[in-house]
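Shown next, in structure tokens, is the structure this report addresses.
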Amino acid sequence: AKQESVSAYRLFTPSLRQTRESAAAAEVQMKRGLDRDEFELHYQPIYGTKSGAIRSFEALVRWNHPERGLVPPSEFIPLAETSGFIVQLGRRVLRDACRAAADWPKPIGVAVNLSAVQFKDLRLVHHVREAIEESGLAPGRLDLEITESVLLEHSPRLLKTIEELRALGVRITMDDFGTGFSSLNNLRRIRFDRIKIDRCFTRELTAEDSDAEIVRTIVRLSRTLKMETVLEGVETEHQLEFARSEGMTEVQGFLYAKPMRASEIAGYLDQRRIE
Ligand code: C2E
Ligand code: CA
Ligand code: CA
Ligand code: CA
């Protein structure tokens, strides 16, 4: 994405980030940005591997900064997480994504990323319910992507939160699988609808190496546990063919499309099949 070349320099330099004052200043900037609607969601399609039809879009946040242009999430999500601002930002993301999806001309799903910090906040279930209710989106069309960092804490409250979310009727995806402190045990403890294999595996895939073997094992386990599998970061026909031959259910990546603006979705859907 050329529009993301802004990431060539960092919005908040590491040295600045270390001082408490500048972290506070950054938080003020982000809060102001939220008030001024500077955060926008882009959407990347996720395709069914077999059907070749669109199943959903993943919402990915960007900061349309007045001076810096489009700032990618890697530049501000970490800070938003340390300051706790992610709770407010995440609430907005949920509402915007649900409202947008409810207006799409075809009834497909929307996936929203949740930070571990949002999971620690007691209002999360309320925020998800609020987004569903005010948008009128069918809850089954909302998919919450959570990373393994959420599961680091083996608290009973975490499991209860996930159950409460499920009770709303939304779907839950284990995101970035394989990058963190993965434990296959997590997949048994918690019922996920989907598991998304991180791009770092996809990048390294060759037919007979160890990465491919790991992915095969995960896919086999997912099938046993009745979970769908998404291969993320599919850029080549070879990677797509791997997903196909291994029976992964969904694929996402630049081979199909880069994340697009909300305004582009209707046109994109117009010429394409959904599933
Ligand atoms: P993620 O959840 O793993 O999202 C996938 C990232 O990979 C996105 O980067 C996407 O643009 C990129 N990507 C997808 N397909 C390809 C491909 O084929 N090739 C390459 N090179 N890249 C691909 P993005 O949008 O910069 O987001 C980065 C991360 O920021 C996300 O990783 C996610 O962890 C976080 N993020 C984005 N939006 C949100 C949000 O609303 N809330 C939270 N908590 N985190 C978010
Ligand atoms: Ca994700
Ligand atoms: Ca990832
Ligand atoms: Ca490899």
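Taken together, the values in this text are just the output of simple stated rules run on the coordinates, not laboratory data. Not measured: the values here are computed from a predicted model. Cβ sites come from the backbone with ideal geometry, for glycine too, and all protein chains shown count toward neighbours.
Odds and ends about this structure:
- Relative to the Cα centre, the charge distribution of the chain, modelled as +1 at Lys and Arg Cβ and -1 at Asp and Glu Cβ, gives a dipole magnitude of about 600 debye.
- Of all complete DSSP H helices in the chain, those with a Cα span along the helix axis of 20 Å or greater and a mean Kyte-Doolittle hydropathy of -1.0 or more are 20-35, 86-103, 210-224.
- Residue 28 versus residue 261: modelled label distance in nm, points set 7 Å from Cα along the beta carbon direction: 3.1 nm
- Value of relative contact order over the chain, rounded to a whole percent, pairs C-alpha under 8 Å and six or more apart: 20 percent
- Pairs from 106/160; 50/120; 50/258; 160/196 whose Cα-Cα separation, in the structure shown, is over 27 Å: 106/160; 50/120
- Between the residues 268, 257, 174, the greatest Cα displacement towards the positive end of the dipole of the chain, with unit charges on the Cβ of Lys, Arg, Asp and Glu, is found for 174.
- Proxy reagent accessibility, fewest Cβ within 10 Å first, across 35, 198: 35, 198
- Rounded to 5, percent antiparallel among DSSP beta bridges of the chain: 40 percent
- Relative contact order [Cα under 8 Å, 6+ residues apart], segment 93-221, whole percent: 21 percent
- Considering only 248, 222, 234, and ranking their Cα positions along the charge dipole of the chain that arises from unit charges at the beta-carbon of Lys, Arg, Asp and Glu, the one farthest toward the positive end is 222.
- Among 206, 173, the order by Cβ neighbours within 10 angstrom, fewest to most, reads 206, 173.
- Averaging 1/r across all pairs of distinct Cα atoms in the chain and inverting the result yields a Kirkwood radius of 19.4 Å.
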